[in-house]
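Here's the structure, in structure tokens; my notes come after.
We did not get these values from a lab; they are worked out from the coordinates using the rules stated. The structure displayed is predicted, hence computed values, not measured ones. Please note: Cβ atoms are built from the backbone with ideal geometry, for glycine as well, and neighbour counts cover all protein chains shown.
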Amino acid sequence: MSTLAELYQSVIVEHDRSPRNYRALAAPSHHAEGRNPLCGDEVSVELRVGAGGMIEEIAFQGHGCAISRASASMMTAALQGKSVGEARELFDRFHALVTGTAAEGDIGKLAVFRGVAEYPMRVKCATLAWHAMKTALDPGAQ
Amino acid sequence: MIAPAAQASSRLSRRAFDVDAVRREFPILSTLSRGQPLVYLDNAATSQKPEDVIAAISRYYRSENANIHRGVYQLSERATLAWEAARRRVAHFIGAGSSDEVVFVRGTTEAINLVASSFVRRQRAAADVVLVTEMEHHANIVPWQLAGAATRPIPITGAGQLDLDAAERMLAEGPRLLAVAHVSNAIGTINPVAELCQIARRYGVPVLVDGAQAAPHLAIDVQALDCDFYCFSGHKVFGPTGIGVLWARQEHLTSMPPYQGGGDMIDEVTFERTTFAPAPRRFEAGTPHIAGATGLDAALSWLEAQDRDAVARYEEHLRDYATEVLTEIPGVRLFGTGTERAPVQAFVLDGVHPHDLASLLDADGICVRAGHHCTQPLHRALGVSSTARASFALYNTTAEIDLLGEGLIRARKVLGR
């Protein structure tokens, strides 16, 4: 069995089946949508950022493959209560993890996405929600 | 898993058509993918190449390479002869009346862009409409839009077939052109192109047929179809990438302005004005893909040497066997279920996203396509954002289809909700 098949049997399948924070926010301060034109997958990410730059709430909606859904779900879980600066930093580290471009630091539960690096065609699936989150925080930056 | 009827027809096919012998001619089919024997079921995207084609391309570069229509030396003369021999081979392959009606292009996409540019845009009236179908590939939609025409789709029925009553109504409105796939790249439907051409003729509407998916499966006769333009790509019919064909009626080719300017397409050039070579050279600016044409010649020659009727029966058998195997798997939904179908099958597996499915199959060495297959409007009409697609060629086997079925069952166990 390949790394990817192992990947599918782990926590990713669980998040795909029962995604966390899959809802619309009542009063988001930031939001953005991500689309993968290759497969038609779509994700919408909403955040409520407090006065001190803390992410008080983050949620997502959309349709996509297991990798993109699980990645969106685990992203929302990881960013809840983090600062906007920490979110940007985690984006960079997650991106490095799934593209295999940097030695991984401590990235917690997100390390389950390490295997994606062996499947370059799936990197866009794993990073779809992350790019939407980044665009929501820094519109026009990407 | 095989029904008695399928077993019987399988024995028949084996007698008439030796798939193992054919497979031995394709070197890539004995390679491994992710450590397992390659199961290549993405033939609608591109086909694999037989030894004859690989050898022809290699031979061209090793001992025949020169530019065409340029030199008086023997090597250039031989390259020119090879290029023109390929043109005659193509004319024979599609039943053209003359090889002067065969224009070499990069592929189907360029052929359609050429017609969009030289036939539609450059000879355009206001508010032109190009009639297409709901199942068209983006390559048979976007070029018309870029040429300034509005695209209107002939709708499809539930089984993925064209609504011919709607087609007639829409043709009666006098569009500039009807542009239709001979065979759908996503759902395999073989469209009744001869019938459509007949209706179109009544209303004076010219017809372009996108034959990209037909060329590897059907015998093509452009004169019997009575179309105006026919195009296909070399790489989908066991030839190289980067070479394709536009066939057009002589009357169109002589009245159409050039597509691109450059060397080889001119009669006389001055700074005041330039006159152009006659068709087909008028549409072949610059040094073309000569090696590609020799490879295409070898591919068509290889295909024509097969017993085409036996191949057609074998491919129907593969198609029906795939339908049977997929239908038996709970949660599989097929798209394209009409009787007139090439061995191309789009499907979804309940609870498993097509991209995940394709990745899990890939881990078993099985190549299928996942996504919208460059047919977003079709997928919108089918009510799904993406599908998986298995598409077969004459070198595929029922054993490979069994592996596909087993892969689907494993994928559902891993991911099924």
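To the nearest 10 degrees, how steep is helix B:354-363 against the longest Cα principal axis of chain B, on a 0 to 90 scale? The answer is roughly 80 degrees.
Let me know the charge dipole size of the protein assembly as shown about its Cα centre in debye, to the nearest 20, where only the beta-carbon of Lys, Arg (+1) and Asp, Glu (-1) is charged. Write down the numbers at each step before the final one.
Values: 54 positive and 63 negative charges, 109 e Å.
Here the protein assembly as shown has a charge dipole of around 520 debye.
Look at A:S73, A:S68, A:S10 and count the other Cβ atoms within 10 Å of each Cβ; fewest to most, that gives A:S10, A:S73, A:S68. Can you list the trypsin sites (Lys or Arg not before Pro) in region A:59-142 that are in a DSSP coil and have 16 or fewer other beta carbons within 10 angstrom? Qualifying residues, ordered by number: A:K82. Between 0 and 90 degrees, the angle of helix B:398-415 with respect to the longest Cα principal axis of chain B falls at about 70 degrees.
Farthest towards the positive end of the charge dipole of the protein assembly as shown, among the residues B:Q145, A:F60, B:F93, is the Cα of A:F60, using unit charges on the Cβ of Lys, Arg, Asp and Glu.
The residues A:F113, B:F238, when put in order of fewest to most other Cβ atoms within 10 Å, stand as A:F113, B:F238. A Förster distance of 45 Å, applied to the separation of the beta-carbon atoms of B:D350 and B:E304, puts the FRET efficiency at 0.60.
Judged by the gyration tensor of its Cα atoms, with axes a ≥ b ≥ c, region B:35-123 is oblate; a/c meets the 1.5 cut and b/c is at least as large as a/b. Computed from backbone phi, the HN-Hα couplings of region B:94-101 come to 9, x, 6, x, 8, 6, 5, 8 Hz, rounded to whole numbers (Karplus: 6.51 cos²θ - 1.76 cosθ + 1.60, θ = phi - 60°; Gly and Pro given as x).
Computed over chain A, the per-residue total of -39500 (n - 2.57) for DSSP H runs of n ≥ 4 gives a 222 nm mean residue ellipticity of -13000 deg cm²/dmol, rounded to 500. Of the residues A:L110, B:M135, B:Y73, the one whose Cα sits farthest toward the positive end of the charge dipole of the protein assembly as shown, with +1 on the Cβ of Lys and Arg and -1 on the Cβ of Asp and Glu, is A:L110.
Against the main long axis of the alpha-carbon atoms of chain B, helix B:4-16 sits at an angle near 40°. Values of log10 I(q)/I(0) for region A:53-142 across q = 0.14 Å⁻¹ run -0.45, by the Debye formula with one identical scatterer at each alpha carbon and no solvent. Of the chymotrypsin sites (Phe, Trp or Tyr not before Pro) found in region B:41-83, the ones in coil according to DSSP and having at most 14 other Cβ atoms within 10 Å of their Cβ are B:Y73. 3J(HN,Hα) along region B:214-230: 7, 3, x, 10, 10, 6, 10, 9, 5, 6, 5, 5, 6, 8, 9, 9, 9 Hz, from the Karplus curve 6.51 cos²θ - 1.76 cosθ + 1.60 with θ = phi - 60°, whole Hz, x for Gly and Pro.
Close amide H pairs (under 5 Å, H built 1.01 Å from N) link A:S83 with A:I55, residues at least 5 positions away or on another chain. Let's test the formula: R0 of 45 Å, r as the Cβ-Cβ distance of B:E406 and B:R70. What FRET efficiency results, to the nearest 0.05? Efficiency computed from Cβ-Cβ geometry: 0.20.
Region B:226-247 and region B:95-141 have Cα centres separated by 12 Å. Residues whose amide H lies under 5 Å from that of A:D41, counting only those 5 or more places away or on a different chain, are A:N36; hydrogens are built 1.01 Å from N in the peptide plane. Magnitude of the charge dipole for chain B, about its Cα centre and with charges confined to Cβ atoms of Lys, Arg (+1) and Asp, Glu (-1), is about 580 debye. A simple rule links phi to the HN-Hα coupling: the Karplus curve 6.51 cos²θ - 1.76 cosθ + 1.60 with θ = phi - 60°, which for region B:159-171 gives 7, x, 10, 6, 7, 5, 5, 4, 4, 5, 4, 6, 5 Hz, with x for Gly and Pro. Projecting the Cα atoms of B:L403, B:S386, B:V414 onto the dipole axis of region B:361-417, where Lys and Arg carry +1 and Asp and Glu carry -1 at the beta carbon, places B:S386 farthest toward the positive end. Would you mind telling me which residue in B:N65, B:N185, B:N113 has the biggest mean-square fluctuation in a Gaussian network model of chain B, where springs connect alpha carbons within a distance under 10 angstrom? Greatest mean-square fluctuation among the candidates belongs to B:N65. Looking at the square roots a ≥ b ≥ c of the eigenvalues of the Cα gyration tensor of chain B, which shape do they give, rounded for a/c under 1.5, prolate if a/b is larger than b/c, or oblate? Oblate is the answer for chain B, as a/c is 1.5 or above yet b/c matches or exceeds a/b.
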